[in-house]
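The block underneath contains the structure these notes are about, expressed in structure tokens.
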């Protein structure tokens, strides 16, 4: 049957294409959910009249759920033993455990700025900061892969992203307060590149050598992230109470407390998807989902008194182009067995709360 191998190969290719399409759709939905989370935390901040407390609640609820899950999984406890050993033998340093502080800055900026800037401008600023700073973090070798070269594609993508941020926020900079609010998500995006790198190192240290315990070990790495972020936000809120008093009473709407559980769901989906479709496709799907959903949210239910503008739409489209340029792998030389699926997408593909 001479056509047998050819038919099997065609069937395998079709199955791979279907898997890739389904994974890309799931990544898009995950990215859209991240924008929804930003809107939820912004609404909670408005009800509390305190963006820091809204961030603490989001991180804190996620931390409680992770503690319960990690306590029930022996693999997560074994991850703790491996990370502690890595710290003792200096394969990890204490500052590798600080990624959650950057995640706390990102969540706090959601509550402090989305109501004024809108979800689309916020997302553009965060993604732009990620694309730019990831070049520096990769060159310094902050992540588990060690130092990475700065390619011309990624440099051009970063420059495009910076231009997109400037364009998207240009109509919001009516005063110095607007400038500060626009810079906050940009700084959060810059910090998230550090977060992604050090979280990758913690996750690598928590994983076993074999194929088992991967989920539990990754869960522990995420728990480390949530723990440091919750502690940082708790300290910031304590200072805020001393300076300004307590926030408004917590609202009764349960939907406003979904930020933390959504963050856990996003991370879990990324852990699964990256093994199915690779970092490149995952990153592009996440960025596309974030940007498209942020535009729809601002179009259908604008936050505050800042509806969607043509500049915001143009800046968002330019950010999507920048992410594609930065993430797309260079053509491999003849004989190179590597695949584009291992290419690194700055920022979004490695997003961690």
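All but one of (1) crowded, with 21+ Cβ neighbours inside 10 Å; (2) modelled with pLDDT of 65 or more hold for residue 325; which doesn't?
Against the list (1) crowded, with 21+ Cβ neighbours inside 10 Å; (2) modelled with pLDDT of 65 or more, residue 325 comes up short only on (1).
Please determine, by comparing only the residues of segment 201-241 that are in contact with a helix residue (DSSP H, G or I) (Cβ under 6 Å, 6 or more places away or on another chain) and outside any helix (DSSP H, G or I), which one is modelled with the lowest pLDDT.
Ranking the qualifying residues of segment 201-241, first place goes to 213.
When you scan segment 140-161, how many residues do you find that are within 28 Å of residue 95 (Cα to Cα) and modelled with pLDDT of 75 or more?
The number of residues fulfilling the criteria is 1.
Need the failing condition index for residue 188 against (1) surrounded by fewer than 16 Cβ atoms within 10 Å (Cβ to Cβ); (2) modelled with pLDDT of 70 or more; (3) under 25 Å from residue 321 (Cβ atoms), just the number.
(1)
Of everything in segment 277-310, what is in a helix (DSSP H, G or I), under 19 Å from residue 117 (Cβ atoms) and at pLDDT below 80? Give them in sequence order.
Listed by number, the list holds a single entry, 287.
The values are calculated or read from the model by the stated rules, or taken from the named source; none is laboratory data. This one's a predicted model, so the numbers in the text were calculated from it and none came from an experiment. Here the Cβ is made from the backbone with ideal geometry for all residues, glycine too, and neighbour counts use every protein chain on show.
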